[in-house]
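Below: one structure, written as structure tokens.
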Amino acid sequence: MEYDVFAYELSVRTSYLDSQRGYFNGANVFLYPDTDIAYNIELEVIPYSHWDVATALTRLNKPGYHYAVPDYDTLVDSPVECGVFQRRSFVVDNVEHELIFTGFDDIDLSDLLRDLPPIIQSAKDIFGTPLPYNRYVFLVYGSIESGGGLEHKNSASIIFDRFMLHDPSKYPRVLALFAHEYFHLWNVKRLHPTNLGPFDYQHEVYTPLLWVLEGWTDYYAWILLVRSGVVDVFTVLDHFAEALRLLDLVPGRHVQSLVEASQDTWIKFYRPEGNTPNITISYYHKGALVALALDLALRKATGGRDSLDTVLRFLWMSYGDQGYPETAVDDALVRVGGPLMRQRLQQWVYGTDDIPAELFNVVGLKLLKEFKDAHQKVPYTGIITEKSGTDTVIIKHVLKDSPAEKAGLAPGDEWIALNGYRVRHDNLPGRLAQYAANTSIQVTVFRQHQLQTYSLTLGSPRPDAWRFITDPNAPEEARQQFSQWLGAPYP
């Protein structure tokens, strides 16, 4: 049988082919057999004459690019990169790790090659067992202004803006992306609910546990960076503080629980629209912050003896590579932290309670809410904008119970003037900062190509710079808890 596959979508989940590069995921290239699932497959890749091929599959000892594939699940879970690329490797725990860099030209990759081994070692230390693979491959593509990652059992596909590598403000995000996809080799690929492996390839798979599978992974991605010593403590604390601030802006946090967000991912998370922030939350975003809260709550409940690390180790030893029932995570949290964890789950996971700020006292931290510029405080409108064209302001979201909603503004409106004067996307915050709270402004928009003007009464400015600080009066126990948590001295 022969068939063609359209391959021109540049992402980690699809397939792509041009004169410079070929990449494919088995799930969107190989047909699913309608009889018994095939075993002992041999895959042959025939690239252009000057191209190389990289994949986590085992290469056979014969001419060309032939690979042994034990089963169909492995076939669709092993992406393949073809082209002219840089191939680097390093060893952790006597296991080879290969990095395939495509689209990076002559950029210095030494920082990344230096920082990945300690991140991997820190992840391994959480589970306390040997690395569960014989070889691991990072397939890395350097793009411009795009990014993403997708986990596989023995590899990861990663795309990020190549110029982030040497930008100190963005480089930690690159490392967190690697750490996130790598951590998935445990949490998702080998440690998962029973219905997430073996897969039903004919239907969507629903689970209420994406807040664990993705949220916990996102949390540990940043924890690994500081425990491995590749970023400083405050880089990670600033990340968590900013994540808390952004969650505070989302009205949907009091509407949708984490369990509901996980269960609804097929119908809501990947189909965002103008009202999305008002009725939903991200199980990545809030899931990571609830992982943080559960970790600190466990440390408090056990006097620092146990933590979320303990829960992961218990789940791994009990269910690794087997699949666990939907109640396993709750049961493990209660087993480690006691009955109080049931209450925390009801509040933060099954309910919509906010994470209390006093929880951070456990590790001697205080959360400050300040302004980036005390001389230019922007009044609250409840409008989230996006830039269109040269500098056009499009209202993307209008938040629930906000001044903008009360004024009658709506997603999709093109904001063209404020009090009769034209606005641009980049100067909008400065224009708004010229007015005091409770001032009424005239907002002129195009809606469905019709010019309309609305009166909006500005709200009080909201702090836009949240950060953690250490408490000079923190007890010794809290300081020790901090060091055990992040693997670094209390600042």
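The values are calculated or read from the model by the stated rules, or taken from the named source; none is laboratory data. Bear in mind that the values here come from a model prediction, so they are computed numbers and not experimental data. When we count neighbours, we look across all protein chains shown, and the Cβ atoms used for this are built from the backbone with ideal geometry, even at glycine. Note: accessible area is taken over every heavy atom of the protein model, side chains too, but ligands, DNA and RNA are not part of it. Shrake-Rupley method; radii C 1.70, N 1.55, O 1.52, S 1.80 Å.
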Note to self: If you wrap a convex hull around the alpha carbons of the range 159-235, what volume per residue comes out, as a whole number of Å³?
What the structure shows: 109 Å³
Notebook entry, point to check: When only Cα pairs under 8 Å and 6 or more residues apart are kept, what is the percent relative contact order across the range 345-463?
Noted result: 25 percent
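Given 25 °C and 0.890 mPa s, how large is the Stokes-Einstein diffusion coefficient of the range 271-321 in µm²/s, with Rh as the Kirkwood radius over Cα pairs?
Result for D is 187 µm²/s.
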Item checked: For the range 285-361, convex hull volume per residue from C-alpha positions, Å³ -> 93 Å³
Checklist line | Relative contact order computed over the range 10-68 (Cα-Cα under 8 Å; 6+ residues apart), in percent | finding: 24 percent
Note to self: So if I restrict to the alpha-carbon atoms in the range 191-348, what is the Rg, and what is Dmax, the biggest pairwise distance, in Å?
What the structure shows: 16.1, 47
Item checked: Mean separation of Cα contacts under 8 Å, 6 or more apart, over the residue count of the chain: relative contact order % -> 11 percent
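When the helices in the chain are scored as -39500 (n - 2.57) per DSSP H run of 4 or longer and the sum is shared across all residues, what 222 nm value do you end up with, to the nearest 500 deg cm²/dmol?
Helix-only estimate at 222 nm: -8500 deg cm²/dmol.
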Notebook entry, point to check: How much length is gained if the chain between Gln448 and Asp200 is pulled fully straight, taking 0.36 nm per residue apart and subtracting their Cα-Cα distance, in nm to one decimal?
Noted result: 84.9 nm
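Shape of the range 363-455 from its Cα gyration tensor (a ≥ b ≥ c, root eigenvalues): rounded if a/c is under 1.5, otherwise prolate when a/b > b/c, or oblate?
Note, shape of the range 363-455 comes out prolate.
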Item checked: Quotient of Cα Rg and 2.2 N^0.38 Å for the range 1-92, N being how many residues it contains -> 1.12
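Would you mind telling me the antiparallel percentage of the DSSP bridges in the chain, rounded to 5?
Numbers: 59 of 75 bridges.
If we restrict to bridges inside the chain, about 80 percent are antiparallel.
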Next item on the list: First compute the accessible area of the chain with a 1.4 Å probe, then give the percent of it belonging to carbon and sulfur atoms.
Entry: 50 percent
Margin query: If you average the alpha carbon positions of the range 230-263 and of the range 12-67, how far apart do those two centres end up, in angstrom?
Written below: 38 Å
Next item on the list: Can you give me the P(r) profile for the range 48-201? Cα pairs, bins 10 angstrom wide beginning at 0, each as a whole percent.
Entry: 10, 39, 36, 15, 1
Item checked: Helix axis angle, 233-248 relative to the chain longest principal axis, alpha carbon, degrees -> 60 degrees
Next item on the list: Using per-residue counts of other Cβ atoms within 10 Å, averaged over each peptide, order 59-72, 174-187 from highest down.
Entry: 174-187, 59-72
Item checked: Fraction of alpha-carbon pairs over 34 Å apart in the chain - percent -> 44 percent
